[in-house]
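Engineer: If you scroll down you'll find the structure; I have some questions about it.
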Amino acid sequence: MAKLRAVLPQAVRAMGGSVEDVAKQARAAEVQRMWEHIMRKGGDEYILAHTNNVFILREGDARALRRDHDDRKDAGATGTGKQLVAYVDESIVAAELNARRELVKLQFFEEFGERIDEFKIIISRGQYKAHHPFVREEAVPSYKDDVRPVPLSPEERAVVDQQVAGIEDARLRRAVERAMVADLEWKKALGD
């Protein structure tokens, strides 16, 4: 039986894809996993939540990036070795990463054997600021449970009417009554 590594390039080409593109995407995913691991291990959830993307570029890739962005002041780099490029959505996060620059480079080396020669931090612009690949979906809060309200009994409804009877403004009284009824019906459905 043939190994996946041997048949994968043929399969990708047969589907009209580029083996080089697949390799780049796999490397990009690997770098993102490394970044996430380092940030979570250090308790830097805030930085992770504000990271838009992260790459490790080799010398040739870094030169191409600078050539494409030669009008930007932050594109100047030495062009030697590997370059870690992190895109973040806020300047405060960029400042925090800048303060940890050497520590992050050391962590990449110690954890994954990636020798980073340069660490570049760029503040994202435009539509890229909204891209947050490291933000985990949070659990649905209990108040958003799919619970159907249970109607109040006539006795419970009478208690609500009695409690709001002292409100003189009719419009305000109806609003408070609706809010109380909705709250009590929801609590009743939850069993509170």
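Engineer: What are the residues in region 174-192 that are of a type in the set (Asp, Glu), in a helix (DSSP H, G or I) and without any contact (Cβ under 8 Å) to a residue 12 or more places away in the chain, if any?
Structural biologist: We begin by selecting, within region 174-192, every residue of a type in the set (Asp, Glu); these are 177, 183, 185, 192.
Add one more test, that the residue is in a helix (DSSP H, G or I), and what stays is 177, 183, 185.
If the condition is that a residue be of a type in the set (Asp, Glu), in a helix (DSSP H, G or I) and without any contact (Cβ under 8 Å) to a residue 12 or more places away in the chain, then 183 is the only one that fits.
Engineer: Pull up region 25-80, narrow it to residues that are β-branched (Val, Ile, Thr) and farther than 24 Å from residue 134 by Cβ, then point me to the one that is modelled with the lowest pLDDT. It would help to see each step written out before you state the result.
Structural biologist: Taking region 25-80 first, the residues β-branched (Val, Ile, Thr) are 31, 38, 47, 51, 54, 56, 78, 80.
Going one step further and asking which of them are farther than 24 Å from residue 134 by Cβ, we end up with 78, 80.
Details: 78: 50, 80: 61.
Filtering region 25-80 for residues that are β-branched (Val, Ile, Thr) and farther than 24 Å from residue 134 by Cβ, the one modelled with the lowest pLDDT comes out as 78.
Engineer: If you don't mind, there's one more thing I want to ask. Taking the condition touching a strand residue (DSSP E or B) at 6+ places or on another chain (Cβ under 8 Å), in a helix (DSSP H, G or I) and more than 17 Å from residue 113 (Cβ to Cβ), does residue 28 pass? Please lay out each step first, then the result.
Structural biologist: Details: touching a strand residue (DSSP E or B) at 6+ places or on another chain (Cβ under 8 Å): yes; in a helix (DSSP H, G or I): yes; more than 17 Å from residue 113 (Cβ to Cβ): yes.
Here the answer is yes, as residue 28 does meet what is asked.
Engineer: Sticking with this structure for a sec: Of the conditions (1) buried (at least 19 other Cβ atoms within 10 Å of the Cβ); (2) more than 14 Å from residue 39 (Cα to Cα); (3) under 19 Å from the mean Cα position of the chain (by Cα), residue 93 satisfies every one except a single condition; which number is it?
Structural biologist: Only one criterion is unmet by residue 93, namely (2).
Engineer: Go through (1) modelled with pLDDT of 90 or more; (2) surrounded by 14 or more Cβ atoms within 10 Å (Cβ to Cβ); (3) not in a helix (DSSP H, G or I) one by one and return the number of the condition residue 149 breaks.
Structural biologist: For residue 149, the failing item is (1).
Engineer: Of everything in region 157-173 that's modelled with pLDDT of 90 or more and under 26 Å from residue 147 (Cβ atoms), which residue is most open to solvent (accessible area, probe 1.4 Å)?
Structural biologist: 163
Engineer: Shifting gears a bit: Suppose we filter region 96-136 for residues that are among the hydrophobic types (A, V, I, L, M, F, W, C), closer than 21 Å to residue 59 by Cα, open to solvent by less than 70 Å² (accessible area, probe 1.4 Å) and in contact (Cβ under 8 Å) with a residue 60 or more places away in the chain; how many remain?
Structural biologist: The total comes to 3.
Engineer: While we're looking at this one, here's another question. Go through 85, 12, 19, 7 for me and flag whichever is of a type in the set (Val, Ile, Thr) and either modelled with pLDDT of 95 or more or open to solvent by 80 Å² or more (accessible area, probe 1.4 Å) (or both). Walk me through it before giving the result.
Structural biologist: On the way: 12 fails: either modelled with pLDDT of 95 or more or open to solvent by 80 Å² or more (accessible area, probe 1.4 Å) (or both); 19 fails: either modelled with pLDDT of 95 or more or open to solvent by 80 Å² or more (accessible area, probe 1.4 Å) (or both); 7 fails: either modelled with pLDDT of 95 or more or open to solvent by 80 Å² or more (accessible area, probe 1.4 Å) (or both).
Just a single option satisfies the conditions, and that option is 85.
The values are calculated or read from the model by the stated rules, or taken from the named source; none is laboratory data. Treat the numbers as computed from the prediction; the structure is a model and nothing was measured. Using ideal geometry, Cβ is built from the backbone for each residue, glycine included, and neighbour counts are taken over all protein chains shown. For accessibility, only protein heavy atoms count, side chains too; no ligands or nucleic acids. Shrake-Rupley method; radii C 1.70, N 1.55, O 1.52, S 1.80 Å.
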